[in-house]
Amino acid sequence: MKHLRLAILAVPVFLASAVFAQDVSQNQVATLRNTAPLDQEGEATQIPGIVNTDIRQVRNYPDQPPLIPHKTDNYQVDLNSNKCLTCHSRTAVEVSQAPMISVTHFMNREGQTLGAVSPRRYFCTQCHVVQTNARPLVENEFVDVDKVIDYVKAQQGGAD
Amino acid sequence: MWGFLKRLWWIIRRPSAYFSLGFLTMGGFVMGIIFWGGFNTALEVTNTEAFCTSCHEMRDNVFEELKPTIHYSNRSGVRASCPDCHVPHNWTNKIARKMQASKEVWGKIFGTINTREKFLEHRLELAQHEWARLEANDSLECRNCHSDESMDITRQSKRAADAHERFLFTGEKTCINCHKGIAHQLPDMAAAEGEDHAGLLAPAHGEGLLASTRSYLGLSSD
């Protein structure tokens, strides 16, 4: 009798665990680990190459910090030196023929223009980044600002 | 003392009474090989990465910084070791540099840079010595491997090709003028005179960018 009761109790537990196990195997949540089991090491993805074309990219909106169109491997940007500024500073562009850092970098946070680069703009890679040829993990649904303006105008009935 | 020297000179001057001319000639020849070979072998031992990094001053500072750079780790597996860049390759200049390096032995004995703090304090001076040396010899140690004749600028990025065409091939600049800090970290460039490439030094009016950034971050040394 006792054994029968135990068996009856065990049936739903067994079923539940079976269903749960199936559920986990089907439920493929995308994580950094991907589908690698916890006790195994997943295969490392290849490190994507950095775009080094020196071709300036379109900005998606006017305030976007321009992308860096070249490699910046081992560029030293710290309190001792700033490798970026050896070409992009106001005084260096004649020699380097690189684009000068924009005038917004010569303003403090109140918008007042300074004689030199504002310290808060010193660490270039806070805003400016290189691009890689990595395959996008998800579809990019970003809409360019021009398209947004067109859309808004169309909604307003074409009236300007 | 004078008497001893006089006696020594007399012995050297006197023809040998016991040893044959053949023995002396052959002996001199053999001993010459041993001494000269030994000297050069010892010299070459001091010209290795293992020797340089046997001191913690080099191992913990500059060698650590070299490791992530392209001259230590790269796709083709060719490595530039310490003496490839820091010691001239041809014999006369090598000996001259080795004699200069006796100053570095002095520094080692008296612990001039035996802590990280002392090293950082001296880093600018040490770097400037190397920059000056490479500027004076037209970046000879770079050119031991990087010849501008074999440099195919069509295989470089446009930016690099333009710069090399304008400055390297015309002889207007030498490698080290632009490629400072490629193998080791740069020192405090705000204190480096004549190196205001980046507008990092104090402009005529107001403080320099490095100094202002430091005070902005609350890291002023003073």
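The values are calculated or read from the model by the stated rules, or taken from the named source; none is laboratory data. Nothing here was measured: the structure is a model prediction, and the numbers come from that model. Using ideal geometry, Cβ is built from the backbone for each residue, glycine included, and neighbour counts are taken over all protein chains shown.
Do we find a residue being among the hydrophobic types (A, V, I, L, M, F, W, C) and closer than 28 Å to B:C178 by Cα anywhere in the range A:138-145? Checking the range A:138-145: not a single residue is among the hydrophobic types (A, V, I, L, M, F, W, C) and closer than 28 Å to B:C178 by Cα. What number of residues within the range A:94-117 are out of contact with any Ser or Thr (no Cβ under 8 Å at 6 or more places or on another chain) and surrounded by 12 or more Cβ atoms within 10 Å (Cβ to Cβ)? Of the residues in that region, 6 qualify. A residue that is over 18 Å from the mean Cα position of the chain (by Cα), crowded, with 16+ Cβ neighbours inside 10 Å and not in a loop (DSSP other than H, G, I, E, B) cannot be found anywhere in the range A:59-68. A:T31 meets all of the listed conditions (1) at pLDDT below 90; (2) surrounded by 10 or more Cβ atoms within 10 Å (Cβ to Cβ) but one, namely (2).
Scanning the range B:197-218 for residues that are in a loop (DSSP other than H, G, I, E, B) and at pLDDT 80 or above, we see that the one that is nearest to the other protein chains (Cβ to nearest Cβ) is B:L217.
Return a yes/no flag: does the range B:54-65 have any residue that is touching a Phe, Trp or Tyr at 6+ places or on another chain (Cβ under 8 Å) and closer than 16 Å to B:R116 by Cβ.
Here is the first cut: in the range B:54-65, the residues touching a Phe, Trp or Tyr at 6+ places or on another chain (Cβ under 8 Å) are B:57, B:61.
Filter again for closer than 16 Å to B:R116 by Cβ, leaving B:57, B:61.
Among the residues of the range B:54-65, at least one is touching a Phe, Trp or Tyr at 6+ places or on another chain (Cβ under 8 Å) and closer than 16 Å to B:R116 by Cβ, which makes the answer yes.
Summed over the range B:85-121, the residues that are of a type in the set (F, W, Y) and in a loop (DSSP other than H, G, I, E, B) give a count of 1. Within the range A:76-97, does at least one residue satisfy the condition of being under 26 Å from B:F167 (Cβ atoms) and touching a Pro at 6+ places or on another chain (Cβ under 7 Å)? Yes, the range A:76-97 contains a residue that is under 26 Å from B:F167 (Cβ atoms) and touching a Pro at 6+ places or on another chain (Cβ under 7 Å). For A:I47, the conditions (1) in contact with a strand residue (DSSP E or B) (Cβ under 9 Å, 6 or more places away or on another chain); (2) more than 14 Å from chain B (Cβ to nearest Cβ); (3) modelled with pLDDT under 90 are fulfilled apart from (2).
Condition first: of a type in the set (K, R) and in a helix (DSSP H, G or I). Can you find one or more residues in the range A:110-123 that meet it? The answer is yes; a qualifying residue exists.
Going by what's in this entry, would B:D148 be described as of a type in the set (D, E), within 23 Å of B:A80 (Cα to Cα) and at pLDDT below 90?
On the way: of a type in the set (D, E): yes; within 23 Å of B:A80 (Cα to Cα): yes; at pLDDT below 90: yes.
Yes: the conditions hold for B:D148.
Within the range B:152-187, restricting attention to residues that are more than 14 Å from chain A (Cβ to nearest Cβ) and closer than 20 Å to A:C87 by Cβ, the residue that is surrounded by the most Cβ atoms within 10 Å (Cβ to Cβ) is B:C175.
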